[in-house]
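Heads up, the thing below is written out as structure tokens.
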Amino acid sequence: MGQGPVTAPGKPKGWRLKSPHDRQAQGIVVTGFGALPYSEALFLRFDWKPGPGDKPYEKRGAALKALMDAAPPTDSDGADPRAAIVALTWLGMRKLGLDEPALQTFSEPFRDGMCDVDRLRRLGDRNPEGWLSTVIPGGPEWSGNVAAVQVAAGARQPELGAAMAPDQRSSMAFDPGPGPTPQTVHALLLLYCATEDEAAQWKEDVKTALAPRDVVVERSLKLSLREIAGVGYEHFGFADGLSQPIPFGLQSDVDAEDGDIELDDGTPAKRDPLHGVPLGEILIGHVNGHRENAPGPLVAESDDGLNAGLTADGAPEGFLNFGLDGSYMVVRELRQDVAAFWNAMDANAKRIVAHDPTATHVTADWLAERVVGRSRAGHMLCPGGYLKPTAANCIDNDFGFFENDPEGLGCPPGSHVRRANPRDALAPSAASQKTLRDAANNHRILRRGRKYGSDIADLRTPDGADRGLLFICLNTDIERQFEFVQQTWLMNRNFATLFDEADPLIGPEGGFTIREEPLRRIVAVDTFVEMVGGEYFFLPSLPALNYLASL
């Protein structure tokens, strides 16, 4: 489902940023903080109004500085005994005082926000008839409410999920009104600690420090890892976070692989043939898959910007590169119905065996593995069983579907992992195998999510507890990366020669095809995962955060 916070066994050597980028990018870019298994997610609202005469609120920069003092953002230059990460919504930066010209330099999906009508359609959350079954009843509980800000005097407040024209955006009053979701989030603070008690205490300390600054903890989630032999497991009971893109330092002017990244041992970070993506797919200002510097926001050149550490590198004359070493962070709170999932697998297995007594191999576990695409321990399905572990007895992630399972007789074409990363499965021939694999890698995302809620005692017995995944991913092009994966692969009902089938794990109810010889089996899947809330955040570099704190 996209946890991806830990280094899976058998993964190539770790990577790191070179100086000065390692001291500028926030630490979550390079690591999922696997050594810090307990964490708290604090969703913050800046609860201040404009001053008299619509003058800016005087505490806004001081509020961000207080937040950074209470939870100093962690850079990427090495391991820390505890860590903190700060990300901001478009409205959050507006509330902090970032000016309108600078706000308009952010990407369109980020300016729209996740509750924009077009973005909701792309993500499979809403259509003209209303919210879909993959969203909790009544609609999400929280968002950045970007599409619901007040427009110029006399203009109509946008409806739920309504898009706004650029001229409306530029004429918005400073302070947003009530939004379509009950809770409005302006910032996300992630705290990572070695113990649960330490994380809980840090959370309380932060709340105490922020209260006088009119910063409210609108929502919070206690996050955790559940590791067995170094592999994280999600609530359905499957190993997670086993496949991640591996960045390398592509140069724009020549076909070289060096740049601003290296392996942990100091050697150059060469392109991994299966999982390699240019660093600019993850960090703004670096060369991306289109051999151009990944574009990002700008601010006008000023002493405050220079003093904060912003540079003009890659920016037009008269501007500073506000986006350099930052990224766009996609966050979605996904509630999992564990009992419904396993009861559905039981019912399907019972039905299949009743109609075909020879299908003694069909069990709930067998079906669940095909819904996911891997065994519960994480081994990829292939014809005849699972891919064998590596020589080091690690999970094998270095494979292509074209050679290992071209017909999908092991790992079904519509399974969750094959949709989320098709690798070379969509290649029509051996001649196009590499081309299709490289094309798929142009849509990769770096996952940094964690589970929330307690583990269920019995997988098949509902206990009423709230549990799921706080999905977090980093990318520099929300539309080409995250939204493409969600719309074109996961929720596409005609993906890879299939018909009228969406992702069987995180999609809506429907059919799911399992190919077998000589027949195929179609099982019924329900809605097992519901979106509780979500938003597009900007993960600023440390210089960019310092600049915002100076406003």
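The values are calculated or read from the model by the stated rules, or taken from the named source; none is laboratory data. As the structure is a prediction and not an experimental result, all values here were calculated from the model. Neighbour counts run over all protein chains shown; Cβ positions are idealised from the backbone, glycine included. For the accessible areas, the whole protein counts, side chains as well, though only heavy atoms, and no ligand, DNA or RNA atoms are used. Shrake-Rupley method; radii C 1.70, N 1.55, O 1.52, S 1.80 Å.
For this structure, a couple of remarks:
- Qualifying residue in segment 213-221 (condition: open to solvent by 30 Å² or more (accessible area, probe 1.4 Å), closer than 20 Å to residue 64 by Cα and assigned to a helix (DSSP H, G or I)): yes
- Strands (runs of 3 or more DSSP E) fully within segment 245-350 that include at least 3 residues being more than 30 Å from residue 434 (Cβ to Cβ) and open to solvent by less than 10 Å² (accessible area, probe 1.4 Å): 327-336.
- Counted residues, segment 499-551 - those being of a type in the set (Gly, Ala, Ser), within 26 Å of residue 341 (Cα to Cα) and open to solvent by less than 50 Å² (accessible area, probe 1.4 Å): 6
- Filtered by the rule that a residue be assigned to a loop (DSSP other than H, G, I, E, B) and either in contact (Cβ under 8 Å) with a residue 60 or more places away in the chain or surrounded by 21 or more Cβ atoms within 10 Å (Cβ to Cβ) (or both), segment 394-409 gives 394, 395, 396, 397, 398, 399, 400, 405, 407, 408, 409.
- Residue selected from segment 222-244 under the condition on the phi > 0 side of the Ramachandran plot and at pLDDT below 95, by the criterion least open to solvent (accessible area, probe 1.4 Å): 241
- Scan of segment 443-452 for residues that are open to solvent by less than 30 Å² (accessible area, probe 1.4 Å) and outside any loop (DSSP other than H, G, I, E, B), ordered by number: 446, 450, 451, 452
- Residue 87 under 22 Å from the mean Cα position of the chain (by Cα), in contact (Cβ under 8 Å) with a residue 24 or more places away in the chain and not in a loop (DSSP other than H, G, I, E, B): yes
- Restricting segment 394-452 to residues that are farther than 19 Å from residue 380 by Cβ and among the β-branched types (Val, Ile, Thr), the residue that is modelled with the highest pLDDT is 445.
- Of all residues in segment 351-370 being of a type in the set (Gly, Ala, Ser) and open to solvent by less than 20 Å² (accessible area, probe 1.4 Å), the one that is farthest from residue 509 (Cα to Cα): 359
- Scan segment 426-442 for residues that are assigned to a loop (DSSP other than H, G, I, E, B) and open to solvent by 30 Å² or more (accessible area, probe 1.4 Å) and the total you get is 4.
- Count of segment 482-531 residues which are out of contact with any Lys or Arg (no Cβ under 9 Å at 6 or more places or on another chain), in a strand (DSSP E or B) and not charged (D, E, K, R): 3
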